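The block underneath contains the structure these notes are about, expressed in structure tokens.
What follows draws every value from the coordinates through simple rules; no lab data is involved. This is a predicted model, so every value here is computed, not measured. So basically every Cβ, Gly included, is an ideal-geometry build from the backbone, and we count neighbours across all protein chains shown.
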Amino acid sequence: MADREQRTPLYGMVLILASMFGAFAVNYYEFGPYWFRIAVYIVAAAVILVAAVMTFRDYSR
């Protein structure tokens with residue numbers, strides 16, 4: 001397995017944690033207007049979906 005393939009799940013986990021922290025911070029500190037918070041939640045959800053694919057992708061083939 002190449003070194004890049006071994007780091008891909010790590011990058012996925014880091015992206016998931018960063019998205020969750022960003023959404024939590026925007027909600028907890030009430031940063032910005034409501035439309036901004038909703039935009040952050042939508043972007044965080046999209047990033048989490050991409051990161052989940054990166055984290056759980058099977059490289060056994």
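Put a dot 7 Å past each Cα toward the Cβ at Arg7 and Val53; how far apart are the dots in nm?
That separation, rounded to one decimal, is 2.1 nm.
Only four residue types carry charge here, +1 at the Cβ of Lys and Arg and -1 at the Cβ of Asp and Glu. Report the dipole size of the chain about the Cα centre in Debye, rounded to the nearest 20.
Working: 5 positive and 4 negative charges, 22 e Å.
Here the chain has a charge dipole of around 100 debye.
What list of ³J(HN,Hα) couplings, whole Hz, do you get for segment 19-31 from phi and the Karplus terms 6.51, -1.76, 1.60, once you set θ to phi - 60° and write x for glycine and proline?
Here the 3J(HN,Hα) series is 5, 5, 5, x, 5, 5, 5, 5, 6, 5, 8, 6, 7 Hz.
Which one of Leu15, Trp35, Thr55 has its Cα pushed farthest toward the positive end of the charge dipole of the chain, where Lys and Arg give +1 and Asp and Glu give -1 at the Cβ?
Thr55
On a 0 to 90 degree scale, rounded to 10, what angle separates helix 34-56 from the longest Cα axis of the chain?
10 degrees
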